[in-house]
Amino acid sequence: MEFKRNIIITGGAGFIGSHVVRLFVRKYPDYRIINVDKLTYAGNLANLADVESMPNYVFVKADVADYEAMLALMRDYHVDGVIHLAAESHVDRSIKDPFTFARTNVMGTLALLQAARVYWESLPERYEGKKFYHISTDEVYGTLPLDGGLFTEETKYDPHSPYSASKASSDHFVRSYHDTYGMPVVVTNCSNNYGPFQFPEKLIPLFINNIRHGRPLPVYGRGENVRDWLYVEDHASAIDLIFHKGRVAETYNIGGFNEWRNIDLIKVLIAAVDRALGNPEGHSLGLITFVTDRPGHDARYAIDSSKLASELGWRPSLQFEEGIERTVRWYLDNQEWMDQVTSGEYQKYYDEMYKGR
Ligand code: NAD
Ligand code: DAU
């Protein structure tokens, strides 16, 4: 079958990537979607069980930092679009193992850019009809004071963790490929995502699982840090819109103007899980355990996504309360998924991470 477009989505077996792959495979049967993922601890093909047999879906196990493999994929599949989500994504891991973050997030992005450049420049039409879309994070902007301000697309980069430093570096490489070689790129910086299929090292799935099992909830510092939360399917819908309609060489911030202090969010989670389990109100509040703060812990993130709203008309579809209810329900209903991803290596890492905190 001849496809209208051939699009590589990297990191498609991860949390956000699996939602993006699912959306594209279902919505665009005339696009071939090539999911390129190394299947690290965070990648799980079970996240895509419902689309794996679709005729327009292909999975390729590969490392984005393997330049030769990326170039071969570009050629073999006649790729005209790249949506790049593959990354090491957890801040706490980056503090323990920064090299892996530099390798995947910086060198991996560079290898993919160079493969796209070499392939697209070999074609008679060169960059016409091509797009390289890089998914980044609001963490590259650094931190905001607790009492005000928002990150805009003009905010100066000021990353503080090895994770955000590696993402910032990759963003610069992507923009440099536009400025130097004329590659049509677009970059988006999104706030914290939540929803189904998120690896339970991140706050929301970790805490839902711990509440369910009556385990302590390790709150860093005093729980006063603020994050801006977006339901993952709303991020995927923004990616779809920007991939098709976003202007080349532009940056768009993605967020739902939905800031929460960690401790307040944790109380909402406790109430939702207790309700779902039929526990009396306040039952699990005693699990809150204040632990040593994360080194370099950014105080507050808050995204101004008004450019995306005014230029492309994007709005999040879900209210936070509904998103949290759905998310809690999903994790409670999918204990098998949770057991699968928390067995083995991850459990050792978790025990190591929280020993003595
Ligand atoms: P994740 O950790 O859940 O998934 C990452 C995926 O990338 C996994 O499937 C993993 O196997 C794959 N991967 C890792 N290294 C690879 C490599 N070298 N080659 C090929 N595949 C590799 O991450 P996520 O939370 O879904 O984040 C996806 C992207 O979105 C990342 O680029 C992240 O920086 C960005 N982002 C995440 C959030 C968030 O809240 N989670 C917010 C904004 C931006
Ligand atoms: O802002 C976007 C970023 O959001 C993404 O780029 C990252 O990939 C993603 O992991 C996320 O980063 P955070 O560090 O904000 O997410 P995390 O879930 O790790 O933590 C959310 C907040 O909760 C943060 O202030 C740290 C705190 N926390 C986290 C964990 C895991 C705790 O208090 N206890 C915990 O056990």
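Sum -39500 (n - 2.57) across every DSSP H segment of at least 4 residues in the chain, then divide by the residue count to get the 222 nm mean residue ellipticity, nearest 500.
-12500 deg cm²/dmol
Working from Cα pairs under 8 Å separated by at least six residues, relative contact order for the stretch 31-84 is 39 percent.
Take every pair of alpha-carbon atoms less than 8 Å apart whose residues are at least six positions apart; their mean separation over the length of the stretch 182-286 yields a relative contact order of 38 percent. Here the stretch 217-357 is treated as an ellipsoid with the same Cα gyration tensor; its semi-axes, largest first and in whole Å, are 31, 19, 17.
Electrostatic tally near I8: other residues with Cβ closer than 13 Å to its Cβ, Lys and Arg +1, Asp and Glu -1, net +2. For the peptides 268-275, 71-78, 232-239, the ranking by packing is 232-239, 268-275, 71-78, with the highest mean count of neighbouring Cβ atoms within 10 Å listed first. Annotation: lysines with alpha-carbon distance below 20 angstrom to K245 (same-chain offsets under eight excluded): K4, K27, K130, K131, K307. With contacts taken as Cα pairs under 8 Å at a separation of at least 6 residues, the chain carries a relative contact order of 17 percent. Mind checking the angle between helix 345-354 and the chain's longest principal axis? C-alpha axes, 0 to 90 degrees, to the nearest 10. That helix lies at roughly 50 degrees to the long axis. Under the classification rounded if a/c is under 1.5, otherwise prolate if a/b is larger than b/c and oblate if not, where does the stretch 84-153 fall, given a ≥ b ≥ c as square roots of the Cα gyration tensor eigenvalues? Oblate shape, in that a/c is at least 1.5 and b/c is the bigger or equal ratio. Our compactness index for the chain, the C-alpha radius of gyration over the empirical 2.2 N^0.38 Å, is 0.97. Taking the 0 to 90 degree range and rounding to the nearest ten, how far is the long axis of helix 15-27 tilted relative to the main principal axis of the chain, both from C-alpha atoms? Result, in degrees: 50.
Against the chain, whose longest principal axis comes from its Cα atoms, helix 162-181 is set at around 20 degrees.
Readers should treat all values here as calculations from the given coordinates under stated rules, not as data from a laboratory. Just so it is clear, the model here is predicted, and its values are computed rather than measured. Glycine gets a Cβ as well: all are built from the backbone with ideal geometry, and neighbour counts include every protein chain shown.
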